[in-house]
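Here is the structure we will look at.
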Number of protein chains: 4
Amino acid sequence: MTEQLVDVKALDAVLHRFSRVRRWEQYHSPKNLAMALTGEVSELVEIFQWLTEEQSRSVAKDPQTAQAVRDELADVLIYLVELAAALDVDLNEAVNAKLARNALKYPADPAA
Amino acid sequence: MTEQLVDVKALDAVLHRFSRVRRWEQYHSPKNLAMALTGEVSELVEIFQWLTEEQSRSVAKDPQTAQAVRDELADVLIYLVELAAALDVDLNEAVNAKLARNALKYPADPAA
Amino acid sequence: MTEQLVDVKALDAVLHRFSRVRRWEQYHSPKNLAMALTGEVSELVEIFQWLTEEQSRSVAKDPQTAQAVRDELADVLIYLVELAAALDVDLNEAVNAKLARNALKYPADPAA
Amino acid sequence: MTEQLVDVKALDAVLHRFSRVRRWEQYHSPKNLAMALTGEVSELVEIFQWLTEEQSRSVAKDPQTAQAVRDELADVLIYLVELAAALDVDLNEAVNAKLARNALKYPADPAA
């Protein structure tokens, strides 16, 4: 049974309109969107690369870094939703199916 | 004004419980999650790297590749939601703010 | 003045022949090679993602991980040399120029 | 038998001194260097993400893009050599071993 775990329909509609009125659809092949997604994730990684794990937990204390982190997370989500649309994938179904398999693959620690 | 464009609260709750009962929280620093996100995005990129853009548009025709694509998109979303949680970022607010700035930065094509 | 800091000519020749006799040249556009490079780097990142920095310094103690690390480093170098060739870039010149600018940009610590 | 395919010893020595006099060694764990490598590769990918494969073959025609490409290739090589040093891996040996296995794994096209 598929639970409603994520709902990105409204974002999907907004992005579709956004690309159409900018004539960007011609560039949005899955291949190109996957590359763009890589770029955005790497901008996230760059924020953390010279920090210790401990420091990485408190990046939000600096307002400028906190802003950068929010922007990069947003960009990753935006390209992810565009890529899923270009591939005609329902992200909610995909996540449900993946979690079901993860639950079998990684049993819970009985002591937790 | 913040619109409701994405809702990942249910997924966030499921992932939180999933990690807790597997004692994975200790590994889930933002630094580590950002690295894991990179890994998942690259598995997506690998699917497309030797395809032409045209071929990339029809990967879903092969059922095995379609399955791989769904799984990798799900994994990216899962780590993205975990990373946003670890950083205490509201993805819906972050996306709203980013889109507002993108709209100013990239004006629509008046002829579109 | 350009110093001889790296020499990849022999590798370049071997890779050129390797691709030719496998008819891979058609796939080796800079765009595709850049994607492939991403994939190889991510396989490196995956080795380290759940390790602490301290643990990452001693991955070579496990022979299987040491082998994986060597293989992934080799793959990154192979695609880097192929990409430089596809773009007609002399890596030794490029590195010399970059280091000269880095030296100006990041002054040495006088106490070091 | 190990052939001399790549020689990065002089670059390795220069980078070692460069980091030492800037007191950067503390940051150069394999984990961090792998992250930095990801970032540099993604800057390369960003150059190509919206280009067609055909366009990607001629990026060097624009002098500014050609410069960007040379810089990013240099950065990838720099971090790769630093990471290999941090892991005590001989890149020439690693490449020789990898190519030997690739030759067995991917037979040549007899018609080529």
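At what distance in angstrom do the alpha carbon centres of the stretch C:78-112 and the stretch C:4-34 lie from each other?
Cα centroid of the stretch C:78-112 versus Cα centroid of the stretch C:4-34: 20 Å apart.
Starting from the Cα of D:Lys98, draw a straight line to each of the lysines and keep only those under 27 Å, dropping any in the same chain fewer than 8 residues away.
Excluding near neighbours in sequence, the set is C:Lys9, C:Lys31, C:Lys61, D:Lys9, D:Lys31.
Of the options D:Val8, D:Tyr106, D:Val69, report the single residue whose Cα projects farthest towards the positive end of the charge dipole of chain D (beta-carbon charges: Lys, Arg +1; Asp, Glu -1).
D:Val8
Taking the simple approach of a point 7 Å from Cα along Cα-to-Cβ for both D:Lys9 and D:Ala66, what is their distance in nm?
In this crude spin-label approximation the distance works out to 3.4 nm.
With a 1.4 Å probe and every protein chain left in place, tell me how much accessible area D:Val8 has, in Å² to the nearest 10.
About 30 Å², rounded to the nearest 10.
Would you look at the GNM of chain A, springs on alpha carbons closer than 10 Å, and say which of A:Ala66, A:Ala100, A:Ala85 moves the most?
Largest GNM mean-square fluctuation: A:Ala100.
Taking only C-alpha pairs under 8 Å that are 6+ residues apart, what is the relative contact order of chain B in percent?
With pairs under 8 Å counted, the relative contact order is 45 percent.
Please identify the DSSP H helices in chain A that span no less than 20 Å along the helix axis (Cα) and have a mean Kyte-Doolittle hydropathy of -0.5 or more.
Helices meeting the criterion: A:30-48, A:63-86, A:91-105.
With the full set of protein chains in place, find how many percent of the accessible area of the protein assembly as shown is carbon and sulfur; take the probe as 1.4 Å.
51
Across chain B, what fraction of all alpha-carbon pairs, as a whole percent, falls in each successive 5 Å bin from zero upward?
Histogram of Cα-Cα distances, whole percents per bin: 2, 10, 15, 16, 15, 16, 16, 8, 2, 1, 0.
The values are calculated or read from the model by the stated rules, or taken from the named source; none is laboratory data. Not measured: the values here are computed from a predicted model. Every residue, glycine as well, gets a Cβ built from its backbone with ideal geometry; the counts of neighbours run over all protein chains shown. Note: areas computed on protein heavy atoms with side chains; ligands, DNA, RNA excluded. Shrake-Rupley method; radii C 1.70, N 1.55, O 1.52, S 1.80 Å.
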